[in-house]
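Below is one structure, written out as structure tokens; the observations come after it.
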Amino acid sequence: MKQHSNNRATPAGGLHVAVIMDGNGRWAASRGLPRVAGHKEGAEAVRRVVRAAPSHGVRTLTLYAFSAANWKRPKTEVAALFRLFHTYLRREAEELRENGVRLRVIGRRDRLPAALRRAIEKAEAATAGGARLDLRVAIDYSARQAIVAAAQRMMEMRGGADGEHEFARLLGDVTHWDRPTPDVDLLIRTSGERRLSDFLLWEAAYAELYFSERMWPDFGEEDLDEALSAFADRDRRFGGLSAAAS
Ligand code: FPP
């Protein structure tokens, strides 16, 4: 069991790691395979990383599986992705439960197929007691849309709203997250791309960013460990001074 706790700003309860799982399509194309084959292999990488995360000090893991902008992709690819999510939820819920993983899907739900919505609710209910890892899978997610929706809710409220704190709670509400909105400690993006792509813009205000050249389907425990080692070496100051200077 490897812990990455030498960073003085590591939260006592464990880390929140968020991942933009990029490169499935390129992984497949480089092998002469259809894009969907890359997504299937990407689901295997999800399994590996979810299994490994708790023993590496990760308490919350947020995975970007389908952005609101991904609706622009061909209908066949969108349908294949939804089938994959459905299969994952159906097949993995039991193992997740046994391993103390609490799964929640964050994002909009009103545009998802009804069968997928039901599978989400079922997997969430089955894993609700998990206390080792909060696994948040972002589907039909847009940070901007969530921020706008939370701002609208806040405007509808009359008085008594405690600024930032209340806003963070509403941000959870509008994305079907049911706990205080957790700040991201480490945000990983694979495949050599260096963008945030509308992911957790509020929650990642002080996140350390880590870009891996690895295509997501090849990503595994060692890569997670490498990212966490790099994170442990960062000097997180949150606008203050480093330990040495103060
Ligand atoms: C980005 O790669 C990846 C996605 C849009 C889909 C992510 C989905 C998975 C990893 C499948 C399994 C997920 C779960 C939760 C079971 P891309 O297709 O944009 O790759 P490219 O940039 O190389 O084209």
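See the values below:
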item	result
Condition check for Gly129: touching a Lys or Arg at 6+ places or on another chain (Cβ under 8 Å), away from the ligand (no atom under 16 Å from the Cβ), at pLDDT 95 or above and on the phi > 0 side of the Ramachandran plot	no
Matching entry among Tyr206, Tyr210 (being farther than 16 Å from Ser67 by Cα, part of a strand (DSSP E or B) and open to solvent by 30 Å² or more (accessible area, probe 1.4 Å))	Tyr210
One residue from Val184, Val174 being under 21 Å from Ile120 (Cβ atoms), surrounded by 14 or more Cβ atoms within 10 Å (Cβ to Cβ) and among the β-branched types (Val, Ile, Thr)	Val174
Residue among Glu98, Glu77 that alone is at pLDDT 95 or above, open to solvent by 10 Å² or more (accessible area, probe 1.4 Å) and away from the ligand (no atom under 12 Å from the Cβ)	Glu98
Lone qualifier among Arg136, Arg153 - being basic (Lys, Arg) and modelled with pLDDT of 95 or more	Arg136
Condition broken by Ala52, with the remaining ones in (1) in a helix (DSSP H, G or I); (2) away from the ligand (no atom under 11 Å from the Cβ); (3) in contact with a Pro (Cβ under 7 Å, 6 or more places away or on another chain) satisfied	(3)
Arg118 open to solvent by 70 Å² or more (accessible area, probe 1.4 Å), touching a helix residue (DSSP H, G or I) at 6+ places or on another chain (Cβ under 9 Å), more than 16 Å from the ligand (Cβ to nearest atom) and within 20 Å of Phe66 (Cβ to Cβ)	no
Subset of the stretch 49-73 that is within 22 Å of Thr175 (Cα to Cα) and of a type in the set (S, T, N, Q) - its residue that is most open to solvent (accessible area, probe 1.4 Å)	Asn70
Residue that is nearest to the ligand (Cβ to nearest atom), among those in the stretch 182-220 that are in contact with a Phe, Trp or Tyr (Cβ under 8 Å, 6 or more places away or on another chain) and among the small types (Gly, Ala, Ser)	Ser191
Subset of the stretch 55-74 (residues that are more than 10 Å from the ligand (Cβ to nearest atom) and either under 14 Å from the mean Cα position of the chain (by Cα) or in a helix (DSSP H, G or I) (or both))	Ser55, His56, Val58, Arg59, Thr60, Leu61, Thr62, Ala68, Trp71, Lys72
Filtered residue count, the stretch 12-41, keeping only those that are more than 9 Å from the ligand (Cβ to nearest atom) and within 23 Å of Gly57 (Cα to Cα)	8
Number of the exception - Arg144 against (1) without any contact (Cβ under 8 Å) to a residue 12 or more places away in the chain; (2) part of a helix (DSSP H, G or I); (3) more than 25 Å from Arg48 (Cβ to Cβ); (4) of a type outside the set (Val, Ile, Thr)	(1)
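The values are calculated or read from the model by the stated rules, or taken from the named source; none is laboratory data. Quick caveat: nothing in here was measured; it's all calculated off a predicted structure. All Cβ positions, even for glycine, are placed from backbone atoms using ideal geometry, and neighbour counts span all protein chains on display. Areas reflect the complete protein model, heavy atoms only, side chains present, ligands, DNA and RNA absent. Shrake-Rupley method; radii C 1.70, N 1.55, O 1.52, S 1.80 Å.
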